[in-house]
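The values are calculated or read from the model by the stated rules, or taken from the named source; none is laboratory data. Small disclaimer: the values here were computed from a predicted structure and weren't measured. Note that we place each Cβ from the backbone using ideal geometry, even for glycine, and neighbour counts take in every protein chain shown. All accessible areas refer to the heavy atoms of the entire protein, side chains included, with ligands and DNA or RNA removed. Shrake-Rupley method; radii C 1.70, N 1.55, O 1.52, S 1.80 Å.
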Amino acid sequence: MQLGVEVTGIQLNENQSEDIIEQIKSDVTQHCVMIFRNQGNICGERHVEISRCFGELKSPFYQHPKSPHHDVFRVSNDPNEGTNVGRTGWHIDGTFIPAPYGYSLYHIVSVSKGGDTVFLPLTELVESLEKEKRLRWERLWTISDRKSTVPKPLIYCHPKTGLPTMCVHLGFTEAFTWDFGTEKQRTTKPQETKEILQEMHEEFVKDNCAMHYSHKWEPGDFIITDNLAVAHEAAPDTQLPREDVGLRILHRTTTTGTHTPQKKYRAEDLQF
C-alpha cells in the first residue's frame, strides 16, 4: 500500500512562508508521513526552529552529551555518538504521558547500511481487523509501564481527522484494562497481557508486512510524521554495530501533545 508522500521544491534550511507551513501541516494530516529529500545538513538549532512551527517541543527523556540541542533526541548505533533505541516494539511516541506527542520530525545525520525506519498507518490497521477482533480491541485500555498513568483507550478517534487510530506501544505496556469505567472492568494478568501484545504484533506484520512503509534513509533526508496516525519501529539492522554497518545517527524532535485519547463512541454503535 502507499503511505506517505515525497516533497520536492522545498529546502527546509530556508525560511518558509506561513502559507507553506500550513500546507505542510495539512499534508501531514492527509498523508501521515512527509519525506523531504536532499536537505543537506540541518543543524540542531534549525531542526528545532522547523519543529516549533508545528507546536511546543517536548524535550527528550534521554539526553546524550553529543545532542546538538536539548530538544533533540540523538539516536545512534554507537553509544559514544547517541542513544540506541527503537527496537522495543511497534509504537507511537509518548504513550506514557496523558497526551501523546503530536508530531515527530526526523533528520538523518549519518546513514548506515540497512538502517531503515518502518512506518505503519494505524487507521488502515484498525479498519482491516475482522469484526470480532475489532470489537475485542475496542474494549481494551492500555496501561503504560511508567508510573502515575491512567488507562488510555487502545482505539479512539484521531483528534483532527476523526478516523480510528491507536494509542499503542507493544514494548512498553504493563497491562490492559477490559471495559474501563464499567462494572465489568478488570485488569489483565501478565500472561494475558503477553498474549494480547502478541496478537497485536501479528496484526502489525500480517500479509507479509503489506501495510509497512520501510524508509531507506539517504543523506539529507528529513521526515515529518503525524505521530498519532502512524506507528513506527526501527529495522533490526539499526542495532548492528558501527564496525559492521557504518555509523548511524538520527536526530528526532517531538511536539507536545494537545489531546488526551478519549473514547467518544460506544463499540456497539460501530458500523461494519
Picking from Val245, Val230, the residue that is farther than 20 Å from Val205 by Cα, surrounded by 17 or more Cβ atoms within 10 Å (Cβ to Cβ) and among the hydrophobic types (A, V, I, L, M, F, W, C) would be Val245
Look at Leu163 and say whether it is in contact with a Ser or Thr (Cβ under 8 Å, 6 or more places away or on another chain), aliphatic (A, V, I, L, M) and open to solvent by 50 Å² or more (accessible area, probe 1.4 Å). yes
Subset of the stretch 56-70 (residues that are within 18 Å of Tyr101 (Cα to Cα) and either at pLDDT 95 or above or open to solvent by 40 Å² or more (accessible area, probe 1.4 Å) (or both)): Glu56, Leu57, Lys58, Ser59, Phe61, Tyr62, Gln63, His70
Just one of (1) at pLDDT below 95; (2) open to solvent by less than 30 Å² (accessible area, probe 1.4 Å) trips up Val48, so point out which. (1)
Name the one entry in Tyr62, Tyr101 that is in contact (Cβ under 8 Å) with a residue 60 or more places away in the chain and on the phi < 0 side of the Ramachandran plot. Tyr101
Return a yes/no flag: does the stretch 249-257 have any residue that is open to solvent by 20 Å² or more (accessible area, probe 1.4 Å), within 22 Å of Pro68 (Cα to Cα), aliphatic (A, V, I, L, M) and not in a helix (DSSP H, G or I). no
Identify, please: which residue in the stretch 83-105 is assigned to a strand (DSSP E or B) and either surrounded by fewer than 22 Cβ atoms within 10 Å (Cβ to Cβ) or modelled with pLDDT under 95 (or both) and is, among those, farthest from the chain's Cα centre (by Cα)? Thr83
Can you name every residue in the stretch 168-182 that is part of a loop (DSSP other than H, G, I, E, B), open to solvent by 20 Å² or more (accessible area, probe 1.4 Å) and among the β-branched types (Val, Ile, Thr)? Thr182
Is it the case, given these coordinates, that His201 is open to solvent by 30 Å² or more (accessible area, probe 1.4 Å), under 12 Å from Trp90 (Cα atoms) and either part of a helix (DSSP H, G or I) or not β-branched (Val, Ile, Thr) (or both)? yes
From the residues in the stretch 141-159 that are part of a loop (DSSP other than H, G, I, E, B) and buried (at least 16 other Cβ atoms within 10 Å of the Cβ), which one is modelled with the lowest pLDDT? Pro151
Top-ranked residue of the stretch 128-172 - restricted to ones that are touching a residue at least 60 places away in the same chain (Cβ under 8 Å) and among the hydroxyl-bearing types (Ser, Thr, Tyr), ranked as nearest to Glu233 (Cα to Cα): Thr165
Taking the stretch 4-19 and the residues there that are over 20 Å from Val48 (Cα atoms) and small (Gly, Ala, Ser), the one that is least open to solvent (accessible area, probe 1.4 Å) would be Gly4
Residue, most open to solvent (accessible area, probe 1.4 Å), within the stretch 126-140, restricted to residues that are assigned to a loop (DSSP other than H, G, I, E, B) and charged (D, E, K, R): Glu130
Does Glu218 satisfy the condition of being assigned to a loop (DSSP other than H, G, I, E, B), modelled with pLDDT of 95 or more and surrounded by fewer than 16 Cβ atoms within 10 Å (Cβ to Cβ)? yes
The condition from (1) open to solvent by 60 Å² or more (accessible area, probe 1.4 Å); (2) under 15 Å from the mean Cα position of the chain (by Cα) that Val33 misses is numbered (1)
Out of the stretch 1-30, which residues are in contact (Cβ under 8 Å) with a residue 60 or more places away in the chain and over 19 Å from Val230 (Cβ atoms)? Leu12
